[in-house]
1. Tally the residues that are touching a Leu at 6+ places or on another chain (Cβ under 7 Å), under 16 Å from H186 (Cα atoms) and of a type in the set (S, T, N, Q), restricting the search to segment 69-105.
2. Does L33 meet the test of being in a strand (DSSP E or B), under 23 Å from L203 (Cα atoms) and not small (G, A, S)?
3. Taking the condition over 17 Å from L195 (Cα atoms) and of a type in the set (D, E), does D38 pass?
4. Go through the residues of segment 79-90 one by one and say whether even a single one is without any contact (Cβ under 8 Å) to a residue 24 or more places away in the chain and farther than 18 Å from W153 by Cα.
5. Within segment 197-226, can you find the residues that are surrounded by 15 or more Cβ atoms within 10 Å (Cβ to Cβ), among the aliphatic types (A, V, I, L, M) and modelled with pLDDT of 95 or more?
6. Using the structure shown, decide if L142 is surrounded by 19 or more Cβ atoms within 10 Å (Cβ to Cβ) and at pLDDT 95 or above.
7. List pairs: first in segment 97-115 and among the hydroxyl-bearing types (S, T, Y), second assigned to a helix (DSSP H, G or I) and surrounded by 13 or more Cβ atoms within 10 Å (Cβ to Cβ), Cβ under 6 Å, 6+ apart or cross-chain?
8. Please verify whether A177 is crowded, with 22+ Cβ neighbours inside 10 Å, modelled with pLDDT of 95 or more, closer than 23 Å to G66 by Cβ and small (G, A, S), treating the condition exactly as stated.
Amino acid sequence: MYLAKTPTVIQNLFPKLTWQMPMGVAKQEAPTLYLSFDDGPTPLITQWVLESLMQYQAKASFFCIGEQVQKHPQILDAIVAAGHSIGNHTYHHLNGWTTKLDQYISNIKQCAALVKSPLFRPPYGRIRPQQINYLLQHPKILQVTQTPQIIMWDVLSGDFDEQLSPEKCLANVLNNAQDGSIVVFHDNEKAQRLLQYVLPRILAHYAQKGYQFKAIPMHTQTPNNP
């Protein structure tokens, strides 16, 4: 069970987490979407994503699993070289709800040795308050000097759902994403079928509506939480 749109009540319960970004219109810019991709880097799939984004001069954020980076460091280099932002997604894709604090932090550190970023996204979006507080209070865990940011989302495409139709996956985004939204996709094998249908259509649709696509900055920025 998952929700395509994160309810405002949930966002308000966890104000230390970043659910949305500042709206472009509020900054007198074009409306903005913040596309993000979890669980890579993955051969061929991540490269296809990079090529798709390039067609629209779009920037995005890639939350990388350390184990995948260890196997495919050249793909991480390509992500960075293309001007996208990167984030820590733990080394082994751990579920924070079922992982002890010391093990969770150790796994984040292991990923941080490969992914240099103040951005962190908990796998499955599952992280406990104790883990949140510890991570935010200890920037050295991520091997950075900036204030850590725990990046969540307000729109979940559902591209990981093998039972979902391509049309419904597309609708999950079109019906919910708006200026300042952080949208989650996955650049892995499980999501490939839906991702290759949905991403080109999302880029085309929002580009036609005058949107720009930005990466979540790898420096401190005030989120647009409700």
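The values are calculated or read from the model by the stated rules, or taken from the named source; none is laboratory data. Remember, it's a predicted structure, so these values are computed and weren't measured experimentally. With ideal geometry, Cβ positions are generated from the backbone for all residues, glycine too; neighbour counts draw on all protein chains shown.
1. Adding up the residues that qualify gives 2.
2. Answer is yes for this residue.
3. On the way: over 17 Å from L195 (Cα atoms): no; of a type in the set (D, E): yes.
Criteria not met by D38.
4. Yes; the residues of segment 79-90 include at least one that is without any contact (Cβ under 8 Å) to a residue 24 or more places away in the chain and farther than 18 Å from W153 by Cα.
5. Of everything in segment 197-226, those that are surrounded by 15 or more Cβ atoms within 10 Å (Cβ to Cβ), among the aliphatic types (A, V, I, L, M) and modelled with pLDDT of 95 or more turn out to be V198, L199, I202, L203, A207, A215, I216.
6. yes
7. Hits for this filter: Y104/G96; Y104/Q131.
8. Criteria not met by A177.
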